[in-house]
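S.K.: Provided herewith is a single structure, encoded as structure tokens, for subsequent inquiry.
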Amino acid sequence: MEKVGIVGVGQTKYERKKEDTFAELVFEACTGALADAGVGIEDIDNVVTVSNDFWDGRTISSMAVMDAAGSWDKDISTVEGDGVFGAMYGMMRALSGSFDTTLVVAHVKGSEGNMNLITNAMFDPIFQRQLGIDATSSAALQARSYMEKTGATEEDFARVSVKNHGNGVNNPFAQIQKKISVDDVMKSRKISEPLKLFDCSPITDGAAAIVISNEKGMKRFKKDPVWILGAAHISDSYTLGYRDLTSSPALEAAVKKAYGMAGITDPLKELDVVELADVYSYMELLWYEGLGLAPKGKGADLIRSGATAMDGDLPVNPSGGLLCAHPVLVAGLARIIEATLQIRGEAGDRQVKGANKALAHGINGPCGQAHGVFVLGS
Amino acid sequence: MGKRVAVVGFGQTIGRSSRKDVNGVEIINEAVVAALADAELTIDDIDAIVIGNMDHFEGINYVDSWSVEGSGGVMKPIFKVTTGGTTGSSVAMCAYYHAASGMFDRVLAIGWEKNSESDTTGAIITAFDPFWERPNIGGAIAGLAVEASKYMSNYGVTERDGARVAVRERLHALNNPYAHLHQEWMKGMEVDQLVELLVTSEQNQVLAYPLRMSDMCPRTDGAAAVVFASEDVAEKIAPIPAWVVATANRHDYVYLGDLNWDVNETLRDASRKVFEKAGIKEPLKEIDVCELYMPYSYAGLKWMENIGFCGPGEGPKLLWDGTTDMDGELPVNPSGGVMSYNAIGATALIRVGEAAIQVMRKAGTRQVQKDVNYALSTGFGGCSWADVMLLGKNKPA
């Protein structure tokens with residue numbers, strides 16, 4: 001793969017009820033990313049937006065943010081899925097020879113939608129929707145089967161939540177900035193057995209944008225880029241009953257490819273920081289295993305060991321992760337932004353010292369059906 | 001840098017107003033199986049997949065995830081691209097960039113729609129601003145009626161001119177076994193006679209002046225799939241690959257009220273960009289066949305001018321002198337076009353596929369009887385989104 005890197009990042013503060021319109025959020029994120037890159041919109045060759053018609057309550061949801069994304073008289077397209085997949089497309093366009101630079105921007109206003117109805121609509125309309133299944137209740141099934149299979153406990157899930165909430169306090173962009181204890185998690189309101197309030201990510205509004213450039217385009221930018229060392233995305237099967245919900249073969253396959261590109265053989269040792277999609281607390285344990293950071297069924301051991309805490313060998317989600325702010329779709333781009341800031345040494349109070357190699361991760365579909373990963377480095 | 005890429009396979013389902021025998025995943029699978037058979041590949045050969053449709057039509061969220069068991073996306077890279085009417089061409093462009101990036105060799109592009117399961121215009125209305133435009137001009141027909149009226153007023157164009165486009169499209173569709181509309185009664189009748197019938201018949205209901213039923217595209221259940229391959233493998237897969245010579249798009253407006261209603265500017269600008277990249281100076285002479293996303297009849301006049309095939313107001317002349325008929329200098333829409341088969345998420349991908357099979361000389365009864373060096377395909381969508389892809393017989397330099 002030719003060299004391609006990230007040269008600008010921008011994100012809004014993540015909040016529950018923003019008054020800004022979709023276009024205003026997109027404009028803020030894009031303006032931020034361009035300012036960070038030290039360029040104007042004229043230095044952007046093409047644009048990829050990320051949005052979802054269900055979340056926006058609008059057909060062709062990307063139509064409404066064209067001007068805010070600055071794509072007038074430029075090529076533009078739209079990925080409907082997590083921002084990590086938008087970044088994947090943006091990278092392909094920068095590698096294709098047609099463009100040197102791509103602006104990728106994602107937005108969502110979770111507060112204007114109904115999460116239960118919107119995620120219920122990703123299930124089979126004839127047999128499953130009537131059961132009321134949604135992102136949370138399907139995740140609860142996955143959490144329960146993971147517990148059965150591995151012996152992980154609700155307290156283990158709570159440890160993830162405690163760690164990430166603790167980290168979120170250091171992230172000025174995070175929606176929830178509140179230190180909590182295992183006891184707080186265990187006593188919080190039941191949402192869908194075994195998941196409790198603090199095991200679940202919040203409803204969030206926000207936008208994020210990144211600027212990707214190939215080597216030729218790099219001369220437009222003053223800052224050193226953060227290079228994309230590896231990137232891959234893979235989907236598992238859709239029907240929950242066809243999947244082994246206690247493992248993530250799609251993530252394993254995606255990282256195998258991405259690590260191969262990046263020359264990584266021992267991720268736990270070689271990666272310095274990970275930002276992953278902890279939509280629900282238990283997912284972090286499952287993704288540890290998928291990412292090859294823990295042996296199969298041993299995700300809980302890794303959180304118990306403290307290795308993924310801020311002062312551990314491999315801090316995971318120094319930003320607080322999605323448990324502290326979950327702008328759907330934006331989430332994956334925000335992970336890439338956090339990984340980029342870490343490598344630049346610009347992550348402020350949440351900085352992991354000497355971070356050189358980072359992994360950013362995003363998911364699509366129920367129970368982490370599809371995974372996208374980026375390995376970034378200086 | 002960047003790989004050259006070609007279309008090496010195309011499959012589509014037969015278009016019907018309602019396919020009750022299959023669900024969405026199954027209709028997707030029909031198209032995928034057909035495209036793979038056409039390319040003589042199996043799903044194991046496919047390195048990545050891009051899929052698209054319109055969420056609000058069937059009411060299914062995260063279609064890329066939902067459809068993997070039909071699309072073949074299990075344990076493969078797949079994501080969704082959705083841009084409205086242009087979805088199919090945007091999916092095609094995305095598959096092209098997948099292969100051009102050097103990351104994937106064989107990429108499957110899929111578009112589909114089951115309009116029988118949707119309130120199509122109801123869903124399209126929500127594409128527009130909830131306060132300013134939904135109550136008055138949202139939806140598929142209203143904006144096009146305004147455009148047609150303005151065009152008629154600007155150039156003295158008549159309803160007969162619009163009807164002549166409809167006649168061409170429906171006559172061409174008679175050669176296409178996949179077309180949704182097969183108006184067999186038109187067979188053997190003179191063009192003038194058909195035009196006269198369309199503009200005078202009381203059965204041909206006016207929907208929004210000047211548009212009658214015959215001026216509009218249908219709502220179709222259908223799916224299409226196109227296989228794109230990088231230069232490393234394309235020639236091994238297809239005897240005559242249809243090379244992507246150039247592609248570009250423009251989407252410059254959010255509000256219908258901001259559009260320049262005299263010119264389809266985005267289609268003009270995207271076409272210019274493609275011609276500039278490809279070194280095309282005289283589109284009418286250099287391009288051999290077109291599959292253009294023309295969702296209604298007057299697009300067959302005005303948009304021909306905007307693409308650059310003729311000057312302003314000259315669309316009717318190009319049409320009436322037979323230039324765009326099957327035996328003309330520039331056959332337009334040998335498939336019968338969007339006005340004969342419109343499964344919205346698939347529609348613009350079918351333009352790419354139909355253009356490709358003209359280059360590959362696999363168009364059967366609708367194959368144009370001339371050498372095809374260049375075939376042009378376009379996509380059109382919400383608030384004047386325009387995608388343009390030029391395919392060619394010769395591997396680009």
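S.K.: Check whether at least one residue in the range A:102-118 is modelled with pLDDT of 95 or more and facing chain B (nearest Cβ under 7 Å), and report yes or no.
M.R.: Yes, the conditions are met somewhere in the range A:102-118.
S.K.: Pairs only if they're at least six apart or on different chains, beta carbon under 6 angstrom, first in the range A:54-66 and within 21 Å of residue A:209 (Cα to Cα) and more than 7 Å from every other protein chain (Cβ to nearest Cβ), second acidic (Asp, Glu) and open to solvent by less than 10 Å² (accessible area, probe 1.4 Å); list them, first residue then second.
M.R.: A:61/A:53
S.K.: Okay, moving on. Go through (1) within 30 Å of residue B:238 (Cβ to Cβ); (2) surrounded by fewer than 24 Cβ atoms within 10 Å (Cβ to Cβ) one by one and return the number of the condition residue B:132 breaks.
M.R.: (1)
S.K.: Hey, another quick one. Tell me which of these residue A:22 doesn't satisfy, since it passes every other one: (1) within 8 Å of chain B (Cβ to nearest Cβ); (2) more than 16 Å from residue A:366 (Cβ to Cβ); (3) touching a residue at least 40 places away in the same chain (Cβ under 8 Å).
M.R.: It fails just one condition, (1).
S.K.: Right, another one. Against the condition more than 14 Å from every other protein chain (Cβ to nearest Cβ) and open to solvent by 40 Å² or more (accessible area, probe 1.4 Å), how does residue B:291 come out, does it pass?
M.R.: no
S.K.: Further question: Within the range A:348-359, take every residue that is basic (Lys, Arg) and in contact with a helix residue (DSSP H, G or I) (Cβ under 9 Å, 6 or more places away or on another chain) and give me the one that is surrounded by the most Cβ atoms within 10 Å (Cβ to Cβ).
M.R.: A:350
S.K.: Related question: Is there a residue in the range B:118-136 that is in contact with a Phe, Trp or Tyr (Cβ under 6 Å, 6 or more places away or on another chain) and of a type in the set (S, T, N, Q)?
M.R.: yes
S.K.: Quick test for you: out of B:318, B:330, pick the one residue that is at pLDDT 95 or above, in contact with a Ser or Thr (Cβ under 7 Å, 6 or more places away or on another chain) and outside any loop (DSSP other than H, G, I, E, B).
M.R.: Among B:318, B:330, only B:318 is at pLDDT 95 or above, in contact with a Ser or Thr (Cβ under 7 Å, 6 or more places away or on another chain) and outside any loop (DSSP other than H, G, I, E, B).
The rows are residues; the columns are (1) open to solvent by 10 Å² or more (accessible area, probe 1.4 Å); (2) under 27 Å from residue A:212 (Cα atoms); (3) more than 10 Å from the chain's Cα centre (by Cα); (4) at pLDDT below 95.
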position: A:296; (1), (2), (3), (4): yes, no, yes, no
position: A:329; (1), (2), (3), (4): no, yes, no, no
position: A:332; (1), (2), (3), (4): no, yes, no, no
position: A:337; (1), (2), (3), (4): no, yes, no, no
position: A:341; (1), (2), (3), (4): yes, yes, yes, no
position: A:346; (1), (2), (3), (4): yes, yes, yes, no
position: A:361; (1), (2), (3), (4): no, yes, no, no
position: A:368; (1), (2), (3), (4): no, yes, yes, no
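S.K.: Sort out which residues of the range A:226-262 are small (Gly, Ala, Ser) and not in a helix (DSSP H, G or I), and write them in order of number.
M.R.: Within the range A:226-262, A:230, A:231, A:232, A:235, A:237, A:247, A:248 meet the criteria.
S.K.: Helices (runs of 4 or more DSSP H) wholly in the range A:1-107 with at least 2 residues that are buried (at least 22 other Cβ atoms within 10 Å of the Cβ) and within 18 Å of the chain's Cα centre (by Cα) - which ones?
M.R.: Once the helices (runs of 4 or more DSSP H) in the range A:1-107 are filtered for at least 2 residues that are buried (at least 22 other Cβ atoms within 10 Å of the Cβ) and within 18 Å of the chain's Cα centre (by Cα), what remains is A:22-37, A:83-95.
S.K.: Please enumerate the residues belonging to the range B:99-137 that are closer than 15 Å to residue B:255 by Cβ, more than 9 Å from every other protein chain (Cβ to nearest Cβ) and in contact (Cβ under 8 Å) with a residue 40 or more places away in the chain.
M.R.: Across the range B:99-137, the qualifying residues are B:132, B:133, B:137.
S.K.: Any idea which of (1) under 21 Å from residue A:322 (Cβ atoms); (2) within 14 Å of another protein chain (Cβ to nearest Cβ); (3) open to solvent by 20 Å² or more (accessible area, probe 1.4 Å) is the one residue A:232 doesn't satisfy?
M.R.: (3)
The values are calculated or read from the model by the stated rules, or taken from the named source; none is laboratory data. Keep in mind that this is a model prediction, so the values were computed, not measured. Note that we place each Cβ from the backbone using ideal geometry, even for glycine, and neighbour counts take in every protein chain shown. Side chains included, ligands, DNA and RNA excluded: accessible areas come from the protein's heavy atoms. Shrake-Rupley method; radii C 1.70, N 1.55, O 1.52, S 1.80 Å.
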